[in-house]
Amino acid sequence: MYRKAIAVLATASALALAPLTGAGAVVNGTTAAAGQFPFMASLQDGSGFSFCGGSVISSGWVLTAAHCVPDADATDLYVVTGRTDLADASTGQRIKVSKVFVNPAYANSAHDSALLELAAPTTATPIALAGAADDDLEATGAPVTVAGWGDTLPTMGLFSSNQLAYADLKVVSDGECGQTNLGFDAPTGVCAAALLKDSCQGDSGGPLFATKAGRPVQVGIVSYGQSCALPKFPGVYSEVNNGQIRSWITSVSGV
């Protein structure tokens, strides 16, 4: 199941948009401090509904998941950057997306990546992207972190939050991940899990990242999973340093 938030009912949309005091997004996540993850981006429609996450990779580009923007239509698409609390309009920027680029290799959850070109530059600090020399960051057992504004429970958007939150996870081997995640494509995916912690609906497109030389480095893009935070069912992330994904990002965005 992809981890994009869907406003199934009007009441669900209202709950997803309403401030949830004290709540943290991501299943069993920790509420992020203001400015803790400045590269985080929220994908929103014209009404302000946040349905996916993303990451700022330069002043003009946001990286997200292809399944968040499958039709590549930028007509009613915005990103919010530099904001930890989505309800606090006095912080950060809300920027129109001018163009959407979906990875042409995207199919059946493989190569699940897309790029958003911004109509105006963001002042948010970008995150570095993993490259060919960063395989150690996705080795089995390596520590990683996921952040987002998605569900705190696997409830299809009913318990999403305006407060950014994060969860510390560990990379799971491709073999273990493939046993429970049908359709897992090992060359283009990396998996991560922790006991009762996970990304969930609304977190799609956001970054899975590690720390290298004191700075965050994006290893994956939130893609899909079987429900959320189920033991033995790790979350699946598109692998940023996959040869095709990484070269495609550079060819389109220059990053």
Checklist entry - Which residues, taken from the stretch 212-228, are surrounded by fewer than 24 Cβ atoms within 10 Å (Cβ to Cβ) and in contact (Cβ under 8 Å) with a residue 12 or more places away in the chain? => result 212, 215, 216, 217, 224, 226, 227
Checklist entry - Could you count how many residues in the stretch 219-228 are assigned to a strand (DSSP E or B) and more than 14 Å from the chain's Cα centre (by Cα)? => result 0
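Listed here are the residues, each with its yes/no results for (1) of a type outside the set (S, T, N, Q); (2) more than 11 Å from residue 146 (Cα to Cα); (3) modelled with pLDDT of 95 or more.
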site: 193; (1), (2), (3): yes, no, yes
site: 201; (1), (2), (3): no, yes, no
site: 220; (1), (2), (3): yes, no, yes
site: 223; (1), (2), (3): no, yes, yes
site: 226; (1), (2), (3): no, yes, no
site: 237; (1), (2), (3): yes, no, yes
Item to check | Residue list for the stretch 96-115, restricted to those being within 30 Å of residue 31 (Cβ to Cβ) and within 18 Å of the chain's Cα centre (by Cα) | outcome: 97, 109, 112, 113, 114, 115
Next on the checklist: So, residue 109, is that one surrounded by 23 or more Cβ atoms within 10 Å (Cβ to Cβ) and at pLDDT below 95 or not?
Outcome noted: no
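Here are some residues: 65, 105, 74, 87. Which one is touching a Pro at 6+ places or on another chain (Cβ under 8 Å) and not assigned by TED's automatic domain parsing to the domain that holds residue 224? Break it down into steps so the answer makes sense when it comes.
Numbers: 65 fails: touching a Pro at 6+ places or on another chain (Cβ under 8 Å); 105 fails: touching a Pro at 6+ places or on another chain (Cβ under 8 Å); 74 fails: touching a Pro at 6+ places or on another chain (Cβ under 8 Å).
87 is the lone residue from the list that is touching a Pro at 6+ places or on another chain (Cβ under 8 Å) and not assigned by TED's automatic domain parsing to the domain that holds residue 224.
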Checklist entry - Do we have any residue at all in the stretch 64-85 that's touching a residue at least 60 places away in the same chain (Cβ under 8 Å) and acidic (Asp, Glu)? => result yes
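Looking at the structure I just gave you, is residue 205 part of a loop (DSSP other than H, G, I, E, B), at pLDDT 95 or above, of a type outside the set (A, V, I, L, M) and touching a helix residue (DSSP H, G or I) at 6+ places or on another chain (Cβ under 8 Å)? Before you say what the answer is, go through the steps one by one.
Numbers: part of a loop (DSSP other than H, G, I, E, B): yes; at pLDDT 95 or above: yes; of a type outside the set (A, V, I, L, M): yes; touching a helix residue (DSSP H, G or I) at 6+ places or on another chain (Cβ under 8 Å): yes.
Judged against the criteria, residue 205 is a match.
Output yes when any residue across the stretch 42-60 is over 19 Å from residue 5 (Cβ atoms) and either in contact with an Asp or Glu (Cβ under 8 Å, 6 or more places away or on another chain) or modelled with pLDDT under 95 (or both), and no when none is. So that I can check it myself, show each step before the final result.
Our first condition is that a residue be over 19 Å from residue 5 (Cβ atoms); within the stretch 42-60, this holds for 56-60.
Adding the requirement that they be either in contact with an Asp or Glu (Cβ under 8 Å, 6 or more places away or on another chain) or modelled with pLDDT under 95 (or both) leaves 60.
For the stretch 42-60, residues over 19 Å from residue 5 (Cβ atoms) and either in contact with an Asp or Glu (Cβ under 8 Å, 6 or more places away or on another chain) or modelled with pLDDT under 95 (or both): present.
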Checklist entry - Could you list, in sequence order, the residues of the stretch 229-249 that are surrounded by fewer than 20 Cβ atoms within 10 Å (Cβ to Cβ) and either of a type in the set (A, V, I, L, M) or part of a strand (DSSP E or B) (or both)? => result 230
Checklist outcome for this item: Note on the stretch 174-191: residues surrounded by 14 or more Cβ atoms within 10 Å (Cβ to Cβ) and either touching a helix residue (DSSP H, G or I) at 6+ places or on another chain (Cβ under 9 Å) or farther than 12 Å from residue 233 by Cα (or both) are 174, 177, 178, 184, 185, 186, 188, 189, 190, 191
Next on the checklist: Kindly evaluate residue 114 against the criterion of being modelled with pLDDT of 95 or more, within 20 Å of residue 150 (Cβ to Cβ) and in contact with a helix residue (DSSP H, G or I) (Cβ under 7 Å, 6 or more places away or on another chain).
Outcome noted: yes
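The values are calculated or read from the model by the stated rules, or taken from the named source; none is laboratory data. This structure is a prediction, so every number in the text was calculated from the model and none was measured. For neighbour counting, all protein chains shown are included, and Cβ atoms are generated from backbone atoms with ideal geometry for every residue, glycine included.
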